[in-house]
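*Asks:* Handing you a structure now.
Laboratory data are not the source of any read-out in this text; all were calculated from the coordinates shown. Owing to the predicted nature of the structure, the values given are computational and were not obtained by experimental measurement. Don't worry about glycine lacking a Cβ; one is built from the backbone with ideal geometry, like all the others, and counts go over all protein chains shown.
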């Protein structure tokens, strides 16, 4: 029904072959997109580079959004190599462990600021840098979670952080829509990823989601990738500013 041939995509957030971003990268490449992928540091590079090479990524670049200049360097290299960008996927989040495992009301100012900067403001920075490269419009996506809307035990401060991410998605969609740039948030149910492993008792949440979802099963990174590929396509040209659940219907169950 659709093709991503001749479209260029930047994928930020692949840590290993269990990452949501990896599911999206595979799906975009399968539909014909040309990819650039980033890795956090030298340790992550050993896991990310082979994956990027497997799907023919043309650019494999270091990116730690907390290091001044690295994000700008990524977009400069994309501009030099392609001269444009059609698709952006932002799938990064971080909170210091002490704040992540504590009560929301006990979150330190520094921990809160870091969580918001890396998990939310980095998306705004990417949108700002992507805007001039999306001369003929484009698609930007980020990744949220059920804890943004409901209190999820042990998700703690990341719930309010993801709520903020969804809010900036809506505002950015309104601001960039006149330029043909669409902004959406993917909203998968609980997934067994490296990022999720830092949440206390996450196995219990996975089991609960699988048993309560109407489909009786958890979503996979490939399910999320398939949806992302659709949103990136011209078939979704009038879809923007929306949070998209991909969770087997888990979010409709009280």
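*Asks:* Got a sec? How would 140, 95 order by Cβ neighbour count within 10 Å, fewest to most?
*Replies:* Working: 140 28, 95 22.
If I rank by nearby Cβ atoms, fewest first, I get 95, 140.
*Asks:* Fewest to most neighbouring Cβ within 10 Å: what's the order for 150, 84?
*Replies:* Working: 150 11, 84 15.
Exposure proxy ranking, most exposed first: 150, 84.
*Asks:* Before rounding to the nearest 500, sum -39500 (n - 2.57) across all DSSP H runs of length at least 4 in the chain and divide by the residue total; then give [θ] at 222 nm in deg cm²/dmol. Don't skip to the answer; put the middle values down first.
*Replies:* On the way: 9 runs with 99 residues, N = 254.
One gets -12000 deg cm²/dmol as the mean residue ellipticity at 222 nm.
*Asks:* Relative contact order for region 1-78 using alpha-carbon pairs under 8 Å, separation at least 6, rounded to a whole percent? Provide the component values of the computation, followed by the final result.
*Replies:* Values: 118 pairs, mean separation 21.3, N = 78.
Answer for region 1-78 is 27 percent.
*Asks:* Using only Cα atoms, find the angle between the long axis of helix 70-81 and the longest principal axis of the chain, and express it within 0 to 90 degrees, rounded to the nearest 10.
*Replies:* 30
*Asks:* Under 8 Å for C-alpha pairs, at least 6 residues apart: give me the relative contact order for the chain, rounded to a whole percent. Display every interim value, and only then the final one.
*Replies:* Working: 492 pairs, mean separation 54.5, N = 254.
Relative contact order, the chain: 21 percent.
*Asks:* Hey, another quick one. May I ask you to compute the full-extension gain from residue 30 to residue 114, defined as 0.36 nm times their residue separation minus their alpha-carbon distance, rounded to one decimal in nm? Each step should come with its number before you reach the end.
*Replies:* On the way: separation 84, 0.36 × 84 = 30.24 nm, distance 3.49 nm.
Taking residue 30 through residue 114 to full extension adds about 26.8 nm, to one decimal.
*Asks:* I've got another one for you. Between 23, 13, 83, which gets the highest mean-square fluctuation from a Gaussian network model of the chain, Cα cutoff 10 Å?
*Replies:* Comparing 23, 13, 83 in a Gaussian network model of the chain, the most mobile one is 83.
*Asks:* With a 10 Å cut-off between alpha carbons and a GNM built on the chain, which of 221, 118, 181 moves the most?
*Replies:* Top of the fluctuation ranking is 118.
*Asks:* Take the alpha carbon atoms of the chain, find their radius of gyration, then divide it by 2.2 N^0.38 Å using N residues; give the quotient.
*Replies:* 0.95
*Asks:* Follow-up question, since we're still on this one. Between 0 and 90 degrees, rounded to the nearest ten: what's the tilt of helix 20-30 against the longest Cα principal axis of the chain?
*Replies:* 30
*Asks:* Expressed as a rounded percentage, what relative contact order does region 5-146 have, with Cα pairs under 8 Å and six or more residues apart?
*Replies:* Reported as a whole number, the value is 25 percent.
*Asks:* Next question. Rounded, prolate or oblate: pick one for region 88-235, where a ≥ b ≥ c are the square roots of the eigenvalues of its C-alpha gyration tensor, a/c under 1.5 means rounded, and failing that, prolate if a/b is larger than b/c, else oblate. Walk me through the numbers on the way to the answer.
*Replies:* Values: a/c = 2.48, a/b = 1.31, b/c = 1.89.
Oblate.
*Asks:* Helix 158-176 sits at what angle to the longest principal axis of the chain, using alpha carbons and giving 0 to 90 degrees rounded to 10?
*Replies:* 30
*Asks:* Using Cβ counts within 10 Å as a stand-in for footprinting exposure, how do 22, 82 rank, fewest first? Walk me through the numbers before you get to the answer.
*Replies:* Values: 22 27, 82 16.
The order, fewest Cβ neighbours first, is 82, 22.
*Asks:* Would you mind telling me which residue in 12, 104, 65 has the biggest mean-square fluctuation in a Gaussian network model of the chain, where springs connect alpha carbons within a distance under 10 angstrom?
*Replies:* 104
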